[in-house]
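A.B. asks: Take this structure first; my questions come after.
The values are calculated or read from the model by the stated rules, or taken from the named source; none is laboratory data. Remember, predicted model here, so these are calculated numbers, not experimental data. No Cβ is skipped: glycine too gets one built from the backbone with ideal geometry, and neighbour counts run over all protein chains shown.
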Amino acid sequence: MEIVDQNWATFGFYFLSFVLCALSTIVFFLWKSDGELNTRKDIFEAINSPSLSEENVIRYSRQIALKEVGISGQVKLKNAKVLVIGAGGLGSPILLYLTGAGIGVIGVVDHDTVSTSNLHRQIIHSTDKNHMSKSISAKQSCNSLNPNTRIIAYQEALSIDLVKEIFPLYDVIVDATDNCRSRYLINDAAVYYKKPVVSGAALKWQGHVTVYNYSNGPCYRCIAPREDNGKVDGTPGGAEIFGVLGMMVGVIGCLQSTEVIKVILNDFGKSDNNGIDSPNHLPVLSGKMLFYNSLSNEHMVRLVRIRDKNSECKTCGSNSIPFFKAGIDSYKVFKGMEMAKDSFYPIPSSNILSSDNFEEKINLARKSNIDIKIFDVRPKNLYDISHIKGSKNVLEDDVIKGLASLGLQINSKTGEINNWPKDKNDQIKQFLVEYFQIDDNCIILVLCLNGVRSYYISTVIQQCFDKLNMKIPNYYLYGGISSIRSKLLKNFPNL
């Protein structure tokens with residue numbers, strides 16, 4: 001009897017220890033998640049339910065009224081998990097409309113912070129969120145719109161490690177990024193994990209949208225098989241240079257969110273259930289690209305068939321290579337000076353001015369009565385808003401087209417001059433002297449906002465000077481206007 005009691009006591013001790021351990025574990029995870037879905041694996045806590053609450057039915061009633069949706073379709077949306085990469089111009093309407101539509105779980109990836117120049121097009125953010133993490137700002141806006149949708153914010157840059165960690169958790173990937181390098185990583189990882197990608201882009205007054213890796217459709221690399229993964233095109237900021245109408249990202253983002261809904265209702269393009277072979281299948285932009293050009297009345301909207309799946313594609317073809325086996329820099333997004341130094345034809349180090357010796361070089365030239373020619377290569381509209389007194393707006397297109405008309409072949413990606421017509425030396429020199437209004441008693445200083453496009457123009461000018469044996473000093477300001485703004489141009493806007 002004593003032995004039995006002792007055994008029960010031992011059992012009770014271990015059972016109590018187990019219960020306490022389990023409770024402490026639960027308390028730990030509740031504390032860590034702070035009542036929200038903040039950890040990677042928490043996404044699986046989303047409950048797959050075959051029914052909707054009364055509040056859900058009322059909230060989504062106008063959507064449920066669509067015969068293509070109904071109760072069963074709304075349940076599919078409720079149980080879906082969508083990853084949106086980018087909480088900027090495209091990501092704003094995508095996140096808001098998918099949240100409003102009742103998607104169960106939405107992940108948002110963005111390491112950037114909100115700035116005032118974002119707000120004309122990135123409508124998910126607001127003035128009072130200036131400098132806040134975009135992913136957190138987006139999460140707050142979405143939670144305010146629909147608390148039924150669980151939003152997971154990833155405040156980090158897209159990377160191979162992050163992709164490996166979170167892509168398997170989601171059903172659909174939405175590409176709302178603004179650079180080629182990210183697009184290739186998203187595409188290659190989505191193919192590996194068998195996830196459809198809803199992709200869009202917008203610039204100036206136009207944009208386009210398509211769906212990659214859906215059913216047996218092509219992937220992004222099938223359409224654009226770049227060996228370098230768009231290295232030189234990989235720098236973000238097209239809107240900064242070329243401009244974009246806020247409504248354009250709104251239009252394209254809305255189209256992307258519509259494609260996401262259709263992909264989910266189609267059971268992600270699988271051949272069974274409501275797959276592509278089913279009569280109930282909703283048409284998806286797979287193998288097709290929709291172009292929208294708001295400045296064209298004749299072809300404002302065009303639907304173009306793009307190439308089929310490429311059997312030789314290095315991502316989805318028969319001899320494909322997993323994305324995580326690529327080199328560590330294969331998908332690296334180059335920014336600012338990092339891209340200029342790594343990708344453009346080099347400028348002699350003696351021609352590069354830093355923010356420290358910029359003022360010294362200018363003052364020395366003035367004391368020597370040397371004419372200082374400052375060439376600002378930003379777009380004219382931005383130059384007109386604010387510029388350095390005495391500078392001249394030099395347009396990249398004018399320089400490149402002018403030299404090309406004389407027979408020079410200039411690599412559009414690197415700025416390297418590949419062909420030099422020796423019989424045109426006099427004409428080339430005349431063009432440079434007249435266009436830039438330069439002589440032997442001057443120095444040249446080329447700049448832009450962040451030093452990227454000015455590096456490109458400066459290296460072209462220097463190669464011409466070297467070929468023509470012109471001794472005019474051609475200086476380039478490392479980091480552009482931004483590098484001297486805090487010290488010399490405190491009131492200069494970030495344009």
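A.B. asks: Just name the residue that is nearest to the chain's Cα centre (by Cα) out of those in segment 83-97 that are closer than 15 Å to N143 by Cα, crowded, with 24+ Cβ neighbours inside 10 Å and hydrophobic (A, V, I, L, M, F, W, C).
C.D. replies: That would be A87.
A.B. asks: Let me ask something else about it. Condition first: outside any helix (DSSP H, G or I) and free of Cβ contacts under 8 Å to residues at least 24 places away in the same chain. Now tell me which residues in segment 394-407 satisfy that.
C.D. replies: Going through segment 394-407, the residues outside any helix (DSSP H, G or I) turn out to be 394-395, 405-407.
Those that are outside any helix (DSSP H, G or I) and free of Cβ contacts under 8 Å to residues at least 24 places away in the same chain: L395, S405, G407.
A.B. asks: Just checking, does segment 161-173 include any residue being closer than 24 Å to L265 by Cβ and surrounded by 24 or more Cβ atoms within 10 Å (Cβ to Cβ)? Spell out how you get there, then give the answer.
C.D. replies: From segment 161-173, those closer than 24 Å to L265 by Cβ are 166-173; that's our starting set.
In the following step, the residues that additionally are surrounded by 24 or more Cβ atoms within 10 Å (Cβ to Cβ) were identified as 172-173.
Scanning segment 161-173, I find at least one residue that is closer than 24 Å to L265 by Cβ and surrounded by 24 or more Cβ atoms within 10 Å (Cβ to Cβ), so the answer is yes.
A.B. asks: For residues that are out of contact with any helix residue (DSSP H, G or I) (no Cβ under 8 Å at 6 or more places or on another chain), part of a helix (DSSP H, G or I) and of a type outside the set (A, V, I, L, M), tally how many sit in segment 63-87.
C.D. replies: 1
A.B. asks: If you don't mind, another one. Any residue in segment 160-179 that is in a helix (DSSP H, G or I) sitting within a Cβ distance under 9 Å of a residue that is of a type in the set (G, A, S) and surrounded by fewer than 18 Cβ atoms within 10 Å (Cβ to Cβ)? List the pairs, counting only those 6 or more apart or interchain.
C.D. replies: I160/A326; I160/S330
A.B. asks: While we're looking at this one, here's another question. Tally the residues that are at pLDDT below 95 and of a type in the set (V, I, T), restricting the search to segment 258-282.
C.D. replies: The qualifying residues number 1.
A.B. asks: So which pairs qualify, if the first residue must be in segment 445-463 and in the same structural domain as I400 (by TED's automatic domain parsing) and at positive phi, the second must be modelled with pLDDT under 90 and in a loop (DSSP other than H, G, I, E, B), the Cβ gap must be under 9 Å, and the two must be at least 6 apart or on different chains?
C.D. replies: Qualifying pairs under 9 Å: G451/G336; G451/Y478; G451/G479.
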